[in-house]
Amino acid sequence: MKLKSYILSIAAAAAGAGFLGSCEDMLEPTSQYVIYDDGSHLTTPADTANSLIGIIYKLQAIGDRTHLLGEVRGDFVNVLQSADADLQDLYNFNVGDDNIYNNPRDYYAVINNCNYFIANADTNAYDNRGNRIFEKEIAQVKAIRAWTYLQLVLNYGRVPFYDRPLLTEQDAGNVSLADADRKDIEGICNYFIPDLLPYSLTEWPQLHTVGSIFMPNCYFPVDMVLGDLYLWRASVTGSRSDYREAARCYFRWIMDTRNVGDGRYKSPYIVSWSTTVEWYRYTSSLTGTSYISSDSYSGNLFGMASSLYGNETFTIIPMDSAASQGYYNKVRDLYNNAEVVGIGTISVNPEVRYSITPSAHIQEISAAQSYYYLGDDGNHYPVVVDEDDALREGDLRLSTVWSSGTYNTTTGGMASNASWQYIEKVANRNIPVYRKTDCWLRLAEALNGGGYPRLAYAILATGISEDIVNDSVLAYCSESDAAFIRELDGLGEGYNFRNFIARNGVMDTGADTYNNIGLHSRGSGYAELNPDYAYPMVDSLDAEGQPVNGYQGQSRVAWAQENLAAEQLSVDSMILNEMALETCFEGKRFYDLMRFAKRYHKNEWLADPVSKRNGEENQDMALYNLLMTESNWYMNWKNQIGM
C-alpha cells in the first residue's frame, strides 16, 4: 500500500467533522491543518501510531522547500533563465507574497498537528508491562515540532509562536502576529532545548514498513535536533558551553546503538575507506607501467534510506512515487532530465527541462583541492589530472555525483543537440534531511567552537582514534578541558574512542572495533599524508631552529591557549570547505553560511561566497551588497511573519 493512501485511510478513520474557518492568515484552523478534532481518540497504542504517521505525512508539503530554500539561495547552483519565475525570484532574493516557495502555512500545519498530539495524548497511560504508551511517540512529535519551528525561523528570521493547538478561529486570533511577540532563532532554541532534553535517550516507536518506506527512516533523532538547536544558539550567542552541549548531542547520536525495529539495530557511524571516491593504480600487462586511473566509489556513498536501515541518509521526508499522487518530489526534475539505467548508460527524458545546474564556484572549490595517494614505496604523491578531464581535478566527489552531456534531438524535422544532466544526490523519490556525515561535520563545528580545534581537525583529516586523541588533542588541553574530552568519550554506551582505529593504525580483531578515516579522504585521497591539508598551526621549530607560527618553546598547553582563536578561525574555514565538498546539492549550504556569518558577526561569510556563484572572477557586487544586510537573508509574508 502506498504511504499516502495508508495515511489518508487512518486519518479518515480518526478525524470527525473538520473545523472550517474563514481566516485568511497563515494560522487558519481548517480541517486541512488539523487532522484530528476529538482529543479522546488518543488513548491506545494504535492511536499514537496513526497520529504519528499523519504528522509525518504533513511534512510532505514542505519536502521540496526543505531542499530548495537551503540550496538555491547558496553558492553551489545556478538557476537557468528557462526556470519558472518563482524559482528565479528565490535565487535572486526577490521573493514576494505569492511565490510558491513562500508559504508559512504548511509549516504551521505540521506544528499545529504536533501541538494537538502533545496536548491530547494521555501521558499517564501505561501498557500491561508498565511502559508509558505515548512516551516514544511524544519524543518523536516534539522532535518534529522543534525541527519544523527551526526551519521556519531560519527562513523567516522572526516567527509567530504558539505551543497549543488551534482548533477555532478564536484560537487563531489569540496568537499575536505582532513583530514584538515573534521569536527569533535564539528564542526558538531557548524554548525547544529544555522541551527536548528529557527525551534524549527515549527509544523509538516500533513502527514497521509502509509500502517501500521503513518508518524509522522518517524519524528525527532527538539528539540530532537537540544538537542543531545548541549549535544555532551558540552561533548567535558565542556560548562555548552551548557548543560543547551540541558536541555531546552529536557524539551521543553517532555512538547510539538503539533498536530501530524489525530486528535491526543502529551501528556507530563510521567514516570508512569503503565509502570513498578514489584514484587507483594498476599495472599494464603489456608495458608493466603503473598508471593512475579513476574509480567509482565503493559502497553507497550518497545512498538514500530505504527499507534497509544502514544507508547513509538516516532521516527522510517520504514523498509520493508519481506526480499524479500529490506530494511528488519535484526537486529531482529541477536538476535532472536523465537517469542512469546501466553501467555507462544514460536514459534522457526529452519532456523534462532541468532548471538548476552546479555553479562555477563549487567547481572551483572542488578543483582547488589536492589529491594524494600512497605509493608502493610508502611515500605519498599527488595526482596530476589531464587537461581534458578538468572536472576530476582536485576532489573527486563532485565528478562522482554530477554527469552532463548532449544528445541528438529532432524538433519540427530539424536535428539539433540538446543538453542532459544527472545529479545522483537529487535523483531519488524522497527528500533527505539528515545524513551520517552531517553529524560528523556538525560535531567538528561544535568541537571547534567549544575550544577543541585539534579534535575538529582530526574528524576532517585523520579520523578519531584513541591514539590520535591522546597524542594530538589531549597533549594540548588543560586539565579542565581534558575532562570534557574524557566525558565525551564516555557517552557512547560501550562504544568510544578506543573502538576507532585510524587507517594506518593496527586493526584490532575485535568485533566492536572500526577502521575510521578523515572526512576529507572521502574524495581527496590520503588526507592525513597530504602536506596541503596539514594542521594550520605548527608548534615546532623549522630546520634552522627558528620558531614556526610564533612558537617560543613554551608548553604545548600554553602555546595552544595563546593561539586558540587563530586555530579556530583556520579550522572553521576548513570545516566550511569540507561541508561544500561533502554536502553540495543537499539543501544545507545557505544555512551553513548563515551560521558561520552569525558566529563571526561578519555578514561577508555569507555574502561573499553567494556573490561568487559565477566564479571568483565574476563576483556579483550588487548581490554582495544586498546580502551584507542580514534582513535580506529572510523571507516575509503579508507582514505576518518575518523581520
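What's the center-to-center distance, using Cα atoms, between region 572-586 and region 230-275 in Å? Cα centroid to Cα centroid, the span is 18 Å. Scanning residues 5 or more positions from Phe214 or on other chains, those with amide H under 5 Å from its amide H are Ser307, with H placed 1.01 Å from N in the peptide plane.
When Arg145, Arg105, Arg556 are sorted by how many other C-beta atoms sit within 10 angstrom of their C-beta, beginning with the fewest, the order is Arg556, Arg105, Arg145. Quick one: Cα centre-to-centre distance for region 90-104 and region 131-197, in angstrom? For region 90-104 versus region 131-197, the Cα centre distance is 23 Å. Of interest is the spacing of the C-alpha centroids, which for region 429-450 and region 313-391 amounts to 20 Å. On the basis of the beta-carbon distance and an R0 of 30 Å, Tyr407 and Val384 show a calculated FRET efficiency of 0.45.
Maximal additional length on extending the Val175-Ser239 stretch stands at 19.9 nm, based on 0.36 nm per residue less the C-alpha distance.
In region 567-595, whose amide N lies under 12 Å from the spot 7 Å out along Cα-to-Cβ of Met643? List them in ranges. The answer is 594-595.
May I ask you to sort Val95, Val72 by Cβ crowding, counting other Cβ atoms within 10 Å and putting the fewest first?
Val95, Val72
If a paramagnetic tag sat 7 Å from the Cα of Val557 along the Cα-Cβ line, which residues of region 466-480 would have the backbone N under 19 Å from that point? Counting only backbone N, you get 469-480. So if R0 is 25 Å, what FRET efficiency would Gln546 and Ser478 give, r being the distance between their Cβ atoms, rounded to the nearest 0.05? After rounding, the FRET efficiency stands at 0.35. Here the label points at Ala622 and Leu197, each 7 Å from Cα along the C-beta direction, are separated by 4.9 nm in the simple model. Of Met319, Met643, the sequence from fewest to most neighbouring Cβ atoms within 10 angstrom is Met643, Met319. Sequence-ordered 3J(HN,Hα) estimates for region 483-490 from the Karplus curve with 6.51, -1.76 and 1.60 and θ = phi - 60° stand at 4, 5, 4, 5, 5, 4, 5, x Hz, glycine and proline given as x. May I ask you to list the lysines whose Cα is less than 20 Å away from that of Lys602, ignoring any residue fewer than eight positions away on the same chain? Excluding near neighbours in sequence, the set is Lys588, Lys612.
In this simple spin-label approximation, Tyr265 and Asp532 carry label points 7 Å from Cα along the Cα→Cβ vector, and these lie 4.3 nm apart. Note on Asn349 and Asn614: the extension gain reaches 92.6 nm, defined as 0.36 nm multiplied by sequence separation minus the Cα-Cα distance. Our estimate of slack between Ser631 and Ser274, defined as 0.36 nm per intervening residue step minus the Cα-Cα distance, is 124.2 nm.
Read the figures in this text as sums done on the coordinates, not as results from a lab. A quick note: this is a predicted structure, and the numbers were derived from the prediction, not measured. For neighbour counting, all protein chains shown are included, and Cβ atoms are generated from backbone atoms with ideal geometry for every residue, glycine included.
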